[in-house]
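In what follows, a single structure is set out as structure tokens and then discussed.
The values are calculated or read from the model by the stated rules, or taken from the named source; none is laboratory data. In this text the structure is predicted, and so the values were computed from the model without any measurement. Using ideal geometry, Cβ is built from the backbone for each residue, glycine included, and neighbour counts are taken over all protein chains shown. Heavy atoms of the whole protein, side chains included, go into the accessibility calculation; ligands, DNA and RNA do not. Shrake-Rupley method; radii C 1.70, N 1.55, O 1.52, S 1.80 Å.
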Amino acid sequence: MIPIKYTFRNFGARKLTTGITITGIALVVFVFAAVLMMAYGIQKTLKQTGSDDNVHVTRKSSTGEITSIIPGDVQNIIKTLPFIALRADGKPVISTEPVVIINLNIKSGGMSNVTVRGVSEPVFDLRPQVKITEGRMFRWGARELIVANGIHKKFQNSNIGDKLKIAGDYWTVVGIMDAGGSGFDSEVWGDEVQLLSAFNRGTTVSVVTFKMKDKTDFAKVAEAFRTDKRLLEFEPEIEQTYYEKQSEAMSMFIKILGLVVTVIFSIGATIGAMITMYAAVANRTVEIGTLRALGFKRRTVLTTFLTESVMISVVGWIIGIALASVLSFFNISTINFASFSEVQFSFALKPSIMLISLIFSLLMGFVGGFLPAFRAARLNIVSALRAL
């Protein structure tokens, strides 16, 4: 076996070409990891939106909350289910919620869609992760709003005291809320009754959400919806599961788009690794001949050059993943395909992303180094020594 120190010595012998190759691999790893972090960030944000002891009810034919319709009589039936948790005052922890989309002007220019959710009084018992950080809660029966941090930072007229135009009328912003990095951080909340009145929707809401007395009661809830003919058109889901599913289309789109871009970039990085290793073989022809004359086998030479190429890819991976990890400190926003509205999220790194990007990096190093390593292993001993 050729000593490891021989490989390390030659690893730094060609600093320029090796550095360029490492930079190329690092950039590919950075882009690849960033794409996966973006997709995972959306999934994580929407999953945090829900709770595993809340049930989220929508119409079966709906593709999202804004296309769901639940009439008043159905809401009353749902409210009578025995599985709903009660507050200390005996009232059920349930929120009947109309969900609509409005356009708001972005501070930096342009316009985007924003979700406005009408909520019922027990909403904070239902979603305790949501806190008022500035101002106050809106008054029930008044056309007042609380806006999430993400909306407050990005959109115009979202400061306390400002007015937002909704359905031809002006609503006053009275508070700013923090939803703990969940999807609610991209929403505006107001009184359910006032929102229904503004849009002339009568008693028809988009979603009914309630807290179960016990997490294990969901099977009974699902059975109640299957057996009651009045509820057959409506589908209950664990709230956390529902919002996680809402991220699937957007996450898949990002992954596919990112993979295409990454593959294109990786071709260039692989070619760079191949050029570097071919140069290494050309510059060390005599050394290879000497090693072969000393009795080292061809597979040993092959392994040595492949190891060097893989080492280059590992260094590139370390740099690339380090750069990608910095993205975790940034928040971005995009349009969620499921809701057609703005959703704010942060890049999120997890061990599996690091592992996948490492495998991808090693693959580039192996592919880029195999042919040069094979050429080195096949060099004729006599011809190699004559190059001296």
State, to one decimal in nm², a quarter of the convex hull surface area for the C-alpha atoms of the stretch 166-226, i.e. the direction-averaged projected area. 6.6
How large is the accessible surface of Ser328 in square angstrom, using a 1.4 angstrom probe and rounding to the nearest 10? 50
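Is the stretch 24-159 rounded, prolate or oblate when judged by the Cα gyration tensor, a ≥ b ≥ c being the square roots of its eigenvalues, rounded requiring a/c under 1.5 and prolate requiring a/b larger than b/c?
Verdict is prolate for the stretch 24-159.
So what is the relative contact order for the stretch 18-118, in percent, with contacts set as C-alpha pairs under 8 Å and at least six apart?
Numbers: 55 pairs, mean separation 13.5, N = 101.
Once divided by the residue count of the stretch 18-118, the mean separation gives 13 percent.
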May I ask you to compute the full-extension gain from Ile359 to Val314, defined as 0.36 nm times their residue separation minus their alpha-carbon distance, rounded to one decimal in nm? 15.2 nm
Residue-span extension gain [Thr227 to Met137] - 0.36 nm each, minus C-alpha spacing: 28.5 nm
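Calculate the FRET efficiency for Arg87 and Tyr170 from the Cβ-Cβ distance with a Förster distance of 41 Å, rounded to the nearest 0.05.
0.80
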Percentage, to the nearest whole number, of Cα pairs in the stretch 89-246 over 27 Å apart: 27
In Å², what does the accessible area per residue of the stretch 32-147 work out to with a 1.4 Å probe? 41
Please calculate the 1.4 Å probe accessible area of Leu196, with all protein chains present, and give it to the nearest 10 Å². 10
With label points set 7 Å from each Cα along the Cα-to-Cβ direction at Asn157 and Ala249, the distance between them in nm comes to 2.8
Report the percentage of all Cα-Cα pairs in the stretch 168-266 whose separation exceeds 16 Å, rounded to a whole percent. 75
For Lys220 and Thr80, extending 7 Å from Cα along the Cα-Cβ vector and measuring point to point gives, in nm, a value of 1.8
